[in-house]
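S.K.: First the structure, which I've put down as structure tokens, then a few questions once you've had a look.
The values are calculated or read from the model by the stated rules, or taken from the named source; none is laboratory data. This one's a predicted model, so the numbers in the text were calculated from it and none came from an experiment. Using ideal geometry, Cβ is built from the backbone for each residue, glycine included, and neighbour counts are taken over all protein chains shown. Just so you know, the surface numbers come from the protein's heavy atoms only, side chains and all, with ligands and any DNA or RNA stripped out. Shrake-Rupley method; radii C 1.70, N 1.55, O 1.52, S 1.80 Å.
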Amino acid sequence: MTLQPPPLRNDCFALPAGVDWKPVDQALALLRERLHVVTASEEIPLYQALGRVLAEPLIAQRSNPPLPNTAVDGYGMVGPIPEGSHVLPLVGERAAAGPAVETPLPEGHAIRILTGAALPPGVDTVILQEDVTLGEGEIAFRGPLKKGANTRKAGEDVTEGQELFPAGRVMTPADLALATATGLSRATVRKPLRVAVVSTGDELVDMGGTAHAGQIFDANRPMLLAMAARMGFEPVDMGRVSDDRELLRARLDEAAERADVILTSGGASAGDEDHVSALLGQAGALQMWRIALKPGRPLALGMWKDRPVFGLPGNPVAALVCALIFARPAMGMMAGMGWVEPQGMDLPAAFEKRKKPGRREFLRARLRDGKVEVFASEGSGRISGLSWAEGLVELADGACEIRPGDPVRYIPYASFGI
Ligand code: AMP
Ligand code: MG
């Protein structure tokens, strides 16, 4: 009799029975509840604050605009102007952006005024230059004009003393404009969160090294370091460790010295060579999170010398998805941003997909012509799919059958801060 291999099990792709798979939302709620800010604050010049996290709210020191001014090039007068045709003599002075004209406008006169100029005393209404005929020292135009036409009120944008941004705000280029316009020049921000990244695995070779048969290049480390940098954190490259428990222990010790949080990849399952989970287990601080998530199980969470460790899966696709879904909001909390949810949008699918209930799924996706395309293969080893994609599609925990045109949740990479 020839030896027969066992038949494929019916449930070979099913989730293990009797295991308590934690839904994604439960896992996220736990992180949100347990984590808090760990970074100190410092005061810096505002012009250096791009991408930094406010430790204290920013308060407007001045109104914007500070004085009533004109929104257009034209002629200033006293409003309102009734219907009909009007001829007004011009005063000799001209109001341009810069030092304000101090002479009050005499009754029944108009003054040449240019965009951004503060309204001279008495002026409350401006007519567009296109709407007047200019004569010798006078203008002719037709009414009516409402009082206040074409002008901006002082403080109509922001008033002095108003809170511009709460603590936790990550400063954008526009924020620098607003804060500067309202008289600020310094900000109290959080020191960047230091994120250590360690790769584990005997099979790994550093970028630029020589890969022999059976070896692969360490792709996760540059990805996770770059991700941390993009998110505004300070990446700390802790290199690669072979599957050796003592070496890994020493490396984690060093990472805990140099960083606020540690991301490892690989070795996070429960096998013989899964030293990340083993060490966290020995330290008595391991939480194996069997998260009902594809791609990406399991996630080993723990504390190492008071630093949270995210033991990400080794597979680059799963490592990135787990980092975006779990590590990113967790790091945001620690960095002082508060809990940040990636903003997605519901858009029509350009694909078909059938999904069983019981876990959340993320597909590598991109937006083309207003429709969401997904990468042709869901193979979790396909790094090229991560690159092809410009975001992820999130499929809810329940069963679903998606047909072309059905709305799906698309979350661009940018919403994750990368
Ligand atoms: P592990 O979680 O250590 O069992 O690894 C799962 C899979 O991911 C294996 O095929 C590893 O070779 C691969 N892997 C682990 N770490 C990396 C890495 N840093 N870069 C690329 N692939 C990796
Ligand atoms: Mg490994």
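S.K.: Go through segment 300-325 and give me each residue that's at pLDDT below 90 and within 11 Å of ligand 1 (Cβ to nearest atom).
M.R.: Result: Ala300, single match.
S.K.: Restricting the first residue to segment 350-367 and requiring it to be in the same structural domain as Ala399 (by TED's automatic domain parsing), which pairs with a second residue that is small (Gly, Ala, Ser) and part of a strand (DSSP E or B) meet a Cβ separation below 9 Å and a spacing of at least six or different chains?
M.R.: That search, which allows pairs on different chains as well, returns Phe351/Ala365; Arg364/Gly391; Ala365/Gly391; Arg366/Gly391; Leu367/Gly391.
S.K.: Being open to solvent by 50 Å² or more (accessible area, probe 1.4 Å), in contact (Cβ under 8 Å) with a residue 12 or more places away in the chain and farther than 21 Å from Phe362 by Cα: is that true of Glu273 here? I'd like the intermediate steps shown before the answer.
M.R.: Values: open to solvent by 50 Å² or more (accessible area, probe 1.4 Å): yes; in contact (Cβ under 8 Å) with a residue 12 or more places away in the chain: yes; farther than 21 Å from Phe362 by Cα: yes.
Taking the combined requirement at face value, the residue satisfies it.
S.K.: How do the pairs read when you match residues in segment 291-308 that are over 13 Å from Ser277 (Cα atoms) with residues anywhere that are aromatic (Phe, Trp, Tyr), using Cβ under 6 Å and keeping only pairs 6 or more apart or on different chains?
M.R.: Note: pairs meeting the criteria are Ala292/Trp21.
S.K.: How many residues, within segment 255-271, are modelled with pLDDT under 95 and within 10 Å of ligand 2 (Cβ to nearest atom)?
M.R.: Within segment 255-271, residues that are modelled with pLDDT under 95 and within 10 Å of ligand 2 (Cβ to nearest atom) number 5.
S.K.: If we keep just the residues of segment 112-122 that are aliphatic (A, V, I, L, M) and part of a strand (DSSP E or B), which is nearest to the chain's Cα centre (by Cα)?
M.R.: So in segment 112-122, the residues aliphatic (A, V, I, L, M) come out as 113-114, 117-119.
From what is left, the residues that are part of a strand (DSSP E or B) are 113, 118.
Working: Ile113: 42, Ala118: 38 Å.
Top of the filtered list is Ala118.
Here's the yes/no breakdown for (1) among the small types (Gly, Ala, Ser); (2) surrounded by fewer than 16 Cβ atoms within 10 Å (Cβ to Cβ):
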site: Ser41; (1), (2): yes, no
site: Ala49; (1), (2): yes, no
site: Ala55; (1), (2): yes, no
site: Tyr75; (1), (2): no, no
site: Pro80; (1), (2): no, yes
site: Gly116; (1), (2): yes, no
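S.K.: Could you look through segment 259-272, keep only residues that are within 14 Å of ligand 1 (Cβ to nearest atom) and in contact with a strand residue (DSSP E or B) (Cβ under 9 Å, 6 or more places away or on another chain), and pick out the one that is farthest from Arg221 (Cα to Cα)? Steps first, answer last, please.
M.R.: We begin by selecting, within segment 259-272, every residue within 14 Å of ligand 1 (Cβ to nearest atom); these are 263-272.
Checking the rest, the ones that are also in contact with a strand residue (DSSP E or B) (Cβ under 9 Å, 6 or more places away or on another chain) come to 263-270.
Numbers: Leu263: 9, Thr264: 9, Ser265: 8, Gly266: 11, Gly267: 14, Ala268: 15, Ser269: 18, Ala270: 22 Å.
Checked segment 259-272; the qualifying residue farthest from Arg221 (Cα to Cα) is Ala270.
S.K.: Go through (1) free of Cβ contacts under 8 Å to residues at least 40 places away in the same chain; (2) of a type outside the set (Lys, Arg); (3) part of a loop (DSSP other than H, G, I, E, B); (4) exposed (fewer than 13 other Cβ atoms within 10 Å of the Cβ) and name the single condition Ala97 misses.
M.R.: In the conditions (1) free of Cβ contacts under 8 Å to residues at least 40 places away in the same chain; (2) of a type outside the set (Lys, Arg); (3) part of a loop (DSSP other than H, G, I, E, B); (4) exposed (fewer than 13 other Cβ atoms within 10 Å of the Cβ), Ala97 misses (4) alone.
S.K.: Taking segment 118-138 as the search range and keeping residues that are open to solvent by 40 Å² or more (accessible area, probe 1.4 Å) and of a type in the set (A, V, I, L, M), which one is farthest from Val72 (Cα to Cα)?
M.R.: Only one residue fits best here, namely Leu134.
S.K.: Here is a follow-up. Quick one: how many residues across segment 242-269 are open to solvent by 10 Å² or more (accessible area, probe 1.4 Å) and of a type in the set (S, T, N, Q)?
M.R.: The number of residues fulfilling the criteria is 2.
S.K.: Right, here's the next one. How about segment 163-179: which of its residues are exposed (fewer than 14 other Cβ atoms within 10 Å of the Cβ) and touching a residue at least 60 places away in the same chain (Cβ under 8 Å)? Explain how you work it out, then say what you get.
M.R.: Start the filter on segment 163-179 by keeping residues that are exposed (fewer than 14 other Cβ atoms within 10 Å of the Cβ), which leaves 163, 166, 172-174, 177.
Listed by number, the residues that qualify are Glu163, Pro166, Thr172, Pro173.
S.K.: Would you call Thr182 more than 16 Å from ligand 1 (Cβ to nearest atom) and open to solvent by less than 50 Å² (accessible area, probe 1.4 Å)?
M.R.: Working: more than 16 Å from ligand 1 (Cβ to nearest atom): yes; open to solvent by less than 50 Å² (accessible area, probe 1.4 Å): yes.
The answer is yes for Thr182.
S.K.: Name the residues in segment 300-316 that are of a type outside the set (A, V, I, L, M, F, W, C) and more than 12 Å from Ser199 (Cα to Cα), would you? Please lay out each step first, then the result.
M.R.: Just the residues of segment 300-316 that are of a type outside the set (A, V, I, L, M, F, W, C), to begin with: 302, 305-308, 311, 313-316.
Across segment 300-316, the qualifying residues are Gly302, Lys305, Asp306, Arg307, Pro308.
S.K.: So, Leu286, is that one over 25 Å from the mean Cα position of the chain (by Cα), under 18 Å from Ala327 (Cβ atoms) and away from ligand 2 (no atom under 16 Å from the Cβ) or not? Let's see the steps before the verdict.
M.R.: Numbers: over 25 Å from the mean Cα position of the chain (by Cα): yes; under 18 Å from Ala327 (Cβ atoms): yes; away from ligand 2 (no atom under 16 Å from the Cβ): yes.
Judged against the criteria, Leu286 is a match.
S.K.: Separate question: Keeping to segment 201-249, report how many residues are among the acidic types (Asp, Glu), within 14 Å of ligand 2 (Cβ to nearest atom) and more than 32 Å from the chain's Cα centre (by Cα). Break it down stepwise before answering.
M.R.: First, the residues of segment 201-249 that are among the acidic types (Asp, Glu): 202-203, 206, 218, 234, 237, 243-244, 246.
This time we only want the ones that are within 14 Å of ligand 2 (Cβ to nearest atom), so: 202-203, 218, 243-244.
Next cut, more than 32 Å from the chain's Cα centre (by Cα) only: 202-203, 243-244.
Number of matching residues: 4.
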